[in-house]
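Quick notes on the structure that follows.
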Amino acid sequence: MQAFQAYSNKGSVTALTAKDAAIAYFDKFPTSRKCDIREGTLDGHFFQIAIGRNVTTLRMNDVTKKMIETL
């Protein structure tokens, strides 16, 4: 199942959309100013990222609370 993970050095949160991941991340870590979001697959409790030459996954760096509405 496709999923997105918002993460920083404080921790990570996984959700089905990038916007939901960012919202959940800032709810869990309200003092954090920014996070990174990456696309992958959710396999049970494990978040996996596809790595390869012909694989393109979405990755957004330095997402702030103000940017959530644009996701």
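The values are calculated or read from the model by the stated rules, or taken from the named source; none is laboratory data. As the structure is a prediction and not an experimental result, all values here were calculated from the model. FYI the Cβ positions are ideal-geometry reconstructions off the backbone, even for glycines, and counts take in every protein chain you see.
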From the option list THR64, THR57, single residue qualifying as in contact with a Lys or Arg (Cβ under 6 Å, 6 or more places away or on another chain), surrounded by 12 or more Cβ atoms within 10 Å (Cβ to Cβ) and hydroxyl-bearing (Ser, Thr, Tyr) is THR64
Cβ-Cβ under 7 Å pairs, at least 6 apart or on other chains, the stretch 44-59 side closer than 19 Å to LYS19 by Cα, far side of a type outside the set (A, V, I, L, M) and assigned to a loop (DSSP other than H, G, I, E, B)
ILE49/THR57
Given the criteria surrounded by 16 or more Cβ atoms within 10 Å (Cβ to Cβ), in contact with a strand residue (DSSP E or B) (Cβ under 6 Å, 6 or more places away or on another chain) and among the polar types (S, T, N, Q), does THR14 qualify?
yes
I'd like the residue in the stretch 18-60 that is at pLDDT 95 or above, more than 10 Å from the chain's Cα centre (by Cα) and of a type in the set (D, E, K, R) and, out of all such residues, is farthest from PHE4 (Cα to Cα).
ARG33
Taking the stretch 13-28 and keeping only residues that are in a strand (DSSP E or B) and in contact (Cβ under 8 Å) with a residue 24 or more places away in the chain, one is left with THR14
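With the structure loaded, tell me whether ILE37 is surrounded by 14 or more Cβ atoms within 10 Å (Cβ to Cβ), touching a Leu at 6+ places or on another chain (Cβ under 8 Å) and hydrophobic (A, V, I, L, M, F, W, C) or whether it fails that test.
Working: surrounded by 14 or more Cβ atoms within 10 Å (Cβ to Cβ): yes; touching a Leu at 6+ places or on another chain (Cβ under 8 Å): yes; hydrophobic (A, V, I, L, M, F, W, C): yes.
Yes.
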